[in-house]
Each structure stands twice: as structure tokens, then as C-alpha cells.
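The values are calculated or read from the model by the stated rules, or taken from the named source; none is laboratory data. These numbers come from a predicted model, not from an experiment. So basically every Cβ, Gly included, is an ideal-geometry build from the backbone, and we count neighbours across all protein chains shown. Quick note on the areas: whole protein, heavy atoms, side chains included, nothing else; ligands and nucleic acids left out. Shrake-Rupley method; radii C 1.70, N 1.55, O 1.52, S 1.80 Å.
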Amino acid sequence: MARVPSSAVAAAGLVGGYAVARWTRKRPLGGVVLGAAGLVAGREWHKRGGVPAAAGLGALYLAGFAGAHPLAKKVGAWPAVVGAAGVVAATAWAVADRSA
């Protein structure tokens, strides 16, 4: 079975979490999507790079989520979320997925 890169899981968590929260108007449901994807990606980051990689990428994932909020006031919600997801995905690919 083909393995889904952790970078794609993390980006999908950020974008999907926002989309679910926006379209259902239930922010906790979006948080469930965000958290589930973060856990799946985090497990892969831990397998590939140990605690340092998992901690660093996990912190970046949370920073992407938090940072998209103030950025959305300047550029709009979707561009902010997609930009944050792109940064997280590129970093996760470089740290954990590239050597896979």
C-alpha cells in the first residue's frame, strides 16, 4: 500500500480543519480534523526523525495554525491558511519525507 507523505497529511490537516470549521460553522469539529491530522503526521515525524523532528515540526504545525489567524486579517482567510499549510508541508518534506 502506498504511503501518504507526512507533509501532505499536515497540509491537509490545516486546510481541512479550516474548511470543516468554516462550512459546518462548528469550530470544535474543525479542531478535531486539525488534531487528528497532526497526530498522524506527528507519529510519522517521530518515526523518521525522532523526538527533535517531531517536536520541531509539531511546533511549526501549531504555529501555522496560530499564525494563520492574524495573517488572515491582512490577506484573507484562505490565502493565510494555504500559505501556512505550504510552509508546514515544505518543511515537513525537507525534514521527514525527502529521505523516505
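A few notes on this one:
- Candidates Ala66, Ala37, Ala55: the one that is part of a helix (DSSP H, G or I), of a type in the set (A, V, I, L, M, F, W, C) and crowded, with 18+ Cβ neighbours inside 10 Å is Ala37.
- Considered as a group, the residues in the stretch 69-83 that are open to solvent by 20 Å² or more (accessible area, probe 1.4 Å) and within 13 Å of the chain's Cα centre (by Cα) include one that is nearest to Val33 (Cα to Cα), and that residue is Val82.
- Restricted to the stretch 16-32, and to residues there that are open to solvent by 50 Å² or more (accessible area, probe 1.4 Å) and of a type outside the set (D, E, K, R), the residue that is nearest to the chain's Cα centre (by Cα) is Tyr18.
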